[in-house]
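The values are calculated or read from the model by the stated rules, or taken from the named source; none is laboratory data. Since this is a predicted model, take the numbers as computed values, not measurements. Ideal geometry is used to build each Cβ from the backbone, glycine not excepted, and the neighbour counts take in all protein chains shown.
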């Protein structure tokens with residue numbers, strides 16, 4: 001419970017002041033409404049006693065009936081109002097908590113996304129965190145309500161029969177213990193099955209992904225995928241079934257015990273009335289309050305069970321919130337010259353022993369256009385990722401204008417534009433995909449005139465893409481890649497442009513447009529292109545050839561043709577593709 005309280009205090013830090021006040025006011029309103037039930041029982045008891053003994057005046061009975069109905073009305077109205085406010089509050093909390101999770105994801109170091117445990121943790125947080133927080137708050141509110149109602153019922157019951165109340169409380173304890181023990185075991189199984197659940201989600205997503213439909217049908221992959229899903233689900237189910245088989249017997253036994261005790265207590269309540277030694281109203285309300293007490297105790301510990309069950313997500317949340325974040329370094333350093341220097345840089349991906357880059361030394365002048373080439377796995381993309389600050393656990397020095405890159409990350413990202421291999425594709429309009437709400441010197445008409453396929457569309461740059469909205473269209477891989485290139489080009493204040501395989505999906509006509517655009521880039525802007533296609537090599541100032549994580553050689557196209565057998569082999573193997581104007 002201590003951890004739960006600490007967790008709620010952590011949640012308070014996430015919420016804004018206004019929302020936290022709403023939570024507290026809502027909590028207070030629920031507590032106040034909880035007192036109505038005991039009051040109704042007392043009024044009901046008095047009314048029955050008056051009617052059975054026939055000793056009260058009509059006016060007294062009238063006011064008791066009036067009070068009874070009035071409290072019932074207040075109770076019903078308060079529950080209606082609380083239900084309405086609860087829906088609004090849950091909606092607000094849901095939005096704030098989801099935003100908090102995504103903000104944290106945006107700050108986590110890229111290295112963490114290379115670890116399997118991180119993805120297992122993210123799966124559990126994504127699946128349970130928001131609902132668990134809402135359930136914990138709900139459980140705390142429900143628990144406090146039930147405590148007040150239990151106190152009211154206990155006061156009523158003990159005034160008539162002290163031992164009856166104690167018996168009903170004690171009868172629930174074995175059931176509560178069983179629930180707590182198996183709740184802990186269930187969470188351990190959930191942790192154990194995280195990877196398999198993530199694999200199931202992945203395979204199901206692949207089967208549902210629209211663009212996979214042709215491959216799946218052509219290769220008849222559905223039975224294969226379903227078989228993998230079924231095997232994984234069978235393994236997961238076995239774990240839970242083994243637990244539930246043991247749990248059901250213990251829960252059944254403790255439930256039977258609880259109802260046997262309740263039945264005996266009710267018989268003991270009825271006996272005095274039969275012999276005329278107790279008031280009818282006392283006995284009816286005693287039975288009602290006793291049953292209510294039992295139900296409230298059960299609900300109280302169900303809420304405790306709910307909080308404990310959700311409480312395991314607290315450990316996951318703390319693990320998630322403690323994942324290393326990119327360092328926010330406040331520096332007064334400004335970049336005057338966007339020259340780039342890699343000095344003896346080496347890097348291994350987390351969890352591997354092989355160097356992705358080793359002993360890399362390279363200096364790129366501001367305004368220089370560089371193309372990085374090499375076979376798959378030679379370290380080209382890793383070099384780009386280090387330059388963009390995606391990873392920080394490298395050895396050596398990466399300098400911009402002579403300053404360590406880790407000290408100027410913010411400025412680099414503000415002034416660097418990029419086209420990744422796996423670029424962003426949003427099912428929005430072409431305009432939204434290109435500009436992402438950022439201002440730009442480029443005009444929409446200018447883009448429609450330069451990029452022919454956009455100009456040929458009925459709605460031009462405002463054409464909606466994908467299937468989220470009616471009338472959305474699908475683009476080819478090359479058309480999507482042009483949009484990614486345009487997104488990089490329209491970014492304002494850019495000093496460096498980085499492109500990882502920017503022409504991999506382009507046909508010859510689109511590739512010609514790309515080369516023409518490349519030639520128009522201002523001379524003071526640094527351009528770094530990773531490419532398997534050597535057609536771009538003649539347009540760049542220098543070519544850097546990577547091999548097995550090291551720089552094999554570098555120079556101009558002419559120098560490498562003359563001095564590098566590796567480059568010469570690569571170039572002439574593709575020579576027929578390079579009939580371009582340089």
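Summary table
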read-out: Scan of the range 171-191 for residues that are without any contact (Cβ under 8 Å) to a residue 24 or more places away in the chain and either farther than 24 Å from residue 314 by Cα or surrounded by 14 or more Cβ atoms within 10 Å (Cβ to Cβ) (or both), ordered by number; value: 173
read-out: Filtered residues of the range 192-228 (kept if in contact (Cβ under 8 Å) with a residue 40 or more places away in the chain and either under 25 Å from residue 116 (Cβ atoms) or in contact with a strand residue (DSSP E or B) (Cβ under 8 Å, 6 or more places away or on another chain) (or both)); value: 192, 193, 194, 195, 196, 197, 198, 201
read-out: Tally of residues being more than 23 Å from residue 444 (Cα to Cα) and modelled with pLDDT of 85 or more across the range 508-524; value: 2
read-out: From the options 15, 25, 48, residue that is under 29 Å from the mean Cα position of the chain (by Cα) and either surrounded by 15 or more Cβ atoms within 10 Å (Cβ to Cβ) or not assigned by TED's automatic domain parsing to the domain that holds residue 156 (or both); value: 15
read-out: Unmet requirement for residue 490, which otherwise passes all of (1) in contact (Cβ under 8 Å) with a residue 40 or more places away in the chain; (2) more than 19 Å from residue 416 (Cα to Cα); (3) not assigned by TED's automatic domain parsing to the domain that holds residue 368; value: (2)
read-out: Test: residue in the range 104-111 that is in contact (Cβ under 8 Å) with a residue 24 or more places away in the chain, in contact with a helix residue (DSSP H, G or I) (Cβ under 6 Å, 6 or more places away or on another chain) and either part of a helix (DSSP H, G or I) or under 30 Å from residue 349 (Cα atoms) (or both); value: no
read-out: Index of the failed condition, residue 162 passing every other in (1) free of Cβ contacts under 8 Å to residues at least 60 places away in the same chain; (2) over 30 Å from residue 394 (Cα atoms); (3) in contact with a helix residue (DSSP H, G or I) (Cβ under 9 Å, 6 or more places away or on another chain); value: (3)
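Yes or no, residue by residue, for (1) crowded, with 16+ Cβ neighbours inside 10 Å; (2) at pLDDT 80 or above; (3) closer than 30 Å to residue 393 by Cβ:
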site: 41; (1), (2), (3): yes, no, no
site: 81; (1), (2), (3): no, yes, no
site: 129; (1), (2), (3): yes, no, yes
site: 136; (1), (2), (3): yes, no, no
